[in-house]
1. Share of the stretch 186-256's accessible area from carbon and sulfur, percent, 1.4 Å?
2. Between Arg263 and Arg52, what length in nm is gained on full extension when 0.36 nm per residue of separation is reduced by their alpha carbon distance?
3. If one computes the Cα centroid of the stretch 305-352 and of the stretch 111-164, what distance in Å separates the two points?
4. Working with all protein chains in place, sort Arg94, Arg196, Arg115 by solvent-accessible area computed with a 1.4 Å probe, largest first.
5. For the stretch 345-409, with every protein chain kept in place, what is the accessible area per residue (1.4 Å probe, Å²)?
6. Report the one residue of Ala381, Leu227, Phe248 whose Cα lies farthest in the direction of the positive end of the charge dipole of the stretch 224-383 (charges on C-beta: Lys and Arg +1, Asp and Glu -1; origin at the Cα centre).
7. Skip the ligands, DNA and RNA, and give the accessible area per residue of the stretch 41-114 with a 1.4 Å probe, whole Å².
8. If you take the C-alpha gyration tensor of the stretch 298-405, multiply each eigenvalue by 5 and take the square root, what semi-axes do you get, largest first, in whole Å?
Amino acid sequence: MVDGVSGVRDAAEPADGAEPAEAAEPADGAKPTSGARAATGRAPSTRAATGRVAGARAAAGRALAKVTGQALGPYQSAVVRIGFAGTWLFFLLREFPHRHELYGPDGPWSWELARRLIDSNHAFTVLMWSDSPLWFEIVYALSVLSSALLLLGWRTRATSVLFMAGVLSLQNRSVFMGDGGDNVIHLMAIYLVLTRCAQVWSLDAARARRRGTASAGGAGPALWGVLGAVFAYGSVTGGFSTGWMVAFAALWVLAALWWMVDRYEPAGEGRAVLDVLANLVHNAGMLVIMAEVCLIYATAGWYKIQGSRWQDGTALYYPLGLDYFAPWPGLSALLASSGTLVMLLTYGTVVVQVAFPFTLFNRRIKNVLLALMMLEHAGIAVLLGLPFFSLAMIAADAVFLPTAFLVWLGARAAALRRRSGAPAPEQDADQDRGPGREPGQEPGSGPEREARPGTVGSVA
């Protein structure tokens, strides 16, 4: 042992003028010394561990800077906004002749029954403020108007709150009139309030390009003033539960604070802080929307697996034979006549729904399953006569659409508008660029480009 140590020391300290000698190899069967182990094993492992920690810290810092520095998924949030606002608008217009039976005074679920239920579950609906038919007509008309304005992206901060109030008021008034699509719209109407869903493809974005800020003009403060007066009336008359009163008060105060800072200190620290908070809330809202979609498909798929008709591959056959779900009887009969096709569609539905949440970190597989699910919902709309349910689910699925595809779609739509002579070419060029892209930069090459497969960014 002593010879080994002295040999190492002699190798480490060459004589004057002598060439440095290589470290002596240990004799056969001899154990390396502790100093040798430290030189060959412990120091590299320590450096590797330090490097991993530093890399993890750097990655966390980059992720935090990205989450706080920008609202991720601007095109996805815009598609979700357009999809759900359009679906609810089309539903309200389609059922306009039957509105009194669905949600109004002529429905089987009377106003008194609704009041008793809401007294117990504390659900939000302004239709309980009065049983007057005129009040119902006002609420229904405002729901239609807010859906159209949110679809266009006009004063989105205020119209998203009005849209949510309209959806919750009508659906909570008659809880037995909805289906799965109404439940999805119910949840997404709440989530959209949290998002900055008008960064692109909206009138707010066009106003921001022309006037420097989306809150320019007096329409926004006037709209929030009206909403504040309605909120004050509901609070005084006991129309809100405690939770909803706090939520609406917080929204109104934050909107007023944002307008004041944007007007009097647009480049100050206060605006920067508000931007960071808004980005955090937006990104959290988008994450919740994605989690909600995954939960819907996961629960639907795993419940199907437990059903005997889904196990033997015949589940799709039975709804095709129901007159209520057969808008095209000939087409339904043709599909039901093929046992092989029914079996493939039945098993394929289960496989796609169960597998989708597990494919989010692989962009190519995720996109293939996403296209299959959208085709599935299109088939449900045609074969089973459930168009609004299918539109709601397709709008929810759109949160996972690739950014490059959405940018390409926007560029094609802008090209069609240019050929029709609707907007100015400069405005189209600005819209094609999208947020964070310089003039002349190709679509999909800016910061909004989809991240590499296998990363969290590829999901967002």
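The values are calculated or read from the model by the stated rules, or taken from the named source; none is laboratory data. Just so it is clear, the model here is predicted, and its values are computed rather than measured. Cβ placement follows ideal geometry from the backbone for every residue including glycine, while neighbour counts extend to all protein chains displayed. Note: areas computed on protein heavy atoms with side chains; ligands, DNA, RNA excluded. Shrake-Rupley method; radii C 1.70, N 1.55, O 1.52, S 1.80 Å.
1. 71 percent
2. Once the chain is fully extended between Arg263 and Arg52, it gains 71.4 nm.
3. 38 Å
4. Ranked list, largest accessible area first: Arg94, Arg115, Arg196.
5. On a per-residue basis, 42 Å².
6. Ala381
7. Here the per-residue accessible area is 53 Å².
8. Semi-axes (√(5λ), whole Å): 25, 17, 11.
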